[in-house]
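The values are calculated or read from the model by the stated rules, or taken from the named source; none is laboratory data. What you see is a predicted model, and the numbers here were worked out from it, not measured in a lab. Here Cβ is always computed from backbone atoms with ideal geometry, including for glycine, and neighbour counts include all displayed protein chains.
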Amino acid sequence: MPLAEPLASAIAAIEAHDVEGLALALTRAPDIVGRPVGDNENHLLDMAAATCDERTVALLLERGADPAATNVHGWTALHQAAYVGLPPLARLLLDAGAPLDTAARGDGGTPLVVALFWGRRQTAELLAETEPLPRNLRVAAGLDRRELVEELVAPDGALAPGAGAHRAFHRPHSGFPEWTPSDDPQEVLDEALSWAARNDAVAVLEVLVARGARLDTDVYRGTALAWAAACGRVAAIERLVALGADVNARTTFGGPDHGEVTTALHLAAQSGHLDAITALLAAGADRTLRDGLHDSTPAGWADHEGQAAAVAALN
């Protein structure tokens, strides 16, 4: 069913980055600023944050939008700012009173954790300035907190109490498959390695490997090297390879229609991360390997995503 006016105009204005149009719609119907929309019950503030437009976010806050409002998954506008990885947008919401401790999509799914999931290190560091850090290994690893990592995992690989807690959050949206994290210490260690890799947390990679993290394990939708490549983390790529990661290891990634039996080079290629491509090729990545879902080479993935420079680098 089509949305009624002026809500439909407000949403269209947000999508078009039309500040004047949004202001007009809010003037016509001030109550729509807090009205949830659709099956997920998103608010206009969430939608504006998703477009990465600080102007429409600021206007909605000025008109009374609640920065603590959640959708049916517990998601707030600050979660969305963490998802897209824009520190100024996150700062705007924090200054408006957005809460840091709201959990979305499972226990532990705070905005900080959402930022770390996607390797949004700058935004994560901003959120960590004011949020008490949980004593959780994947968060400590993602933030490159070596001393905390060393407190949470002993030289023999034994985990401190709570190192694997608050890990029910494992996906930012339903495009990723369901998964139930376990209390297995090995899983906790291996997962932390991938969180360090995607955030270029080089200082802790060697610590985790020395304490038992396995380099080529795919805990949930990606090996450590796969995540480093997908996020363009060159320092992490080089360190993982130096530690013994197989540059051509096969991995899953993303949703079930995204990556199956793929390689780190495919993932760097699709995002056009030229420095990561160069690092992987220098380490011996095989540009002729085909993934198991689309039967395509890394150059094919780059071409599909319109990454012309990556295609040239791989041909």
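A few points about this structure:
- Residues satisfying the stated conditions in segment 95-135, i.e. surrounded by 19 or more Cβ atoms within 10 Å (Cβ to Cβ) and either over 18 Å from residue 76 (Cβ atoms) or touching a strand residue (DSSP E or B) at 6+ places or on another chain (Cβ under 6 Å) (or both): 119, 121
- Residues in segment 155-207 that are among the hydroxyl-bearing types (Ser, Thr, Tyr) and surrounded by fewer than 22 Cβ atoms within 10 Å (Cβ to Cβ): 174, 180, 182.
- Here residue 286 does not fit the description of being at pLDDT below 95 and touching a Leu at 6+ places or on another chain (Cβ under 8 Å).
- Only one of the listed residues (264, 226, 276) is buried (at least 17 other Cβ atoms within 10 Å of the Cβ) and touching an Asp or Glu at 6+ places or on another chain (Cβ under 9 Å). That residue is 226.
- Complete set of residues in segment 280-313 that are in a loop (DSSP other than H, G, I, E, B) and either more than 22 Å from residue 242 (Cβ to Cβ) or among the β-branched types (Val, Ile, Thr) (or both): 288, 290, 291, 292, 293, 294, 295, 296, 297, 305, 306, 307
- Checklist (1) modelled with pLDDT of 95 or more; (2) farther than 19 Å from residue 224 by Cβ; (3) of a type in the set (Val, Ile, Thr) applied to residue 149, failing item: (2)
- Check on residue 22, within 27 Å of residue 114 (Cα to Cα) and crowded, with 20+ Cβ neighbours inside 10 Å: no
Quick grid of which residues meet (1) over 20 Å from residue 82 (Cβ atoms); (2) more than 13 Å from the chain's Cα centre (by Cα); (3) not basic (Lys, Arg):
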{"position": "172", "(1), (2), (3)": "no, no, yes"}
{"position": "176", "(1), (2), (3)": "no, no, yes"}
{"position": "192", "(1), (2), (3)": "no, yes, yes"}
{"position": "197", "(1), (2), (3)": "no, no, yes"}
{"position": "213", "(1), (2), (3)": "yes, yes, yes"}
{"position": "226", "(1), (2), (3)": "yes, yes, yes"}
{"position": "235", "(1), (2), (3)": "yes, yes, yes"}
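- Failed item, numbered, when residue 137 is tested on (1) at pLDDT 95 or above; (2) touching a Leu at 6+ places or on another chain (Cβ under 7 Å); (3) more than 23 Å from residue 227 (Cα to Cα): (3)
- Pairs meeting the criteria (first residue in segment 136-153 and under 17 Å from residue 118 (Cβ atoms) and surrounded by fewer than 24 Cβ atoms within 10 Å (Cβ to Cβ), second residue β-branched (Val, Ile, Thr) and at pLDDT 95 or above, beta carbons under 6 Å, at least 6 apart or on different chains) are 144/204.
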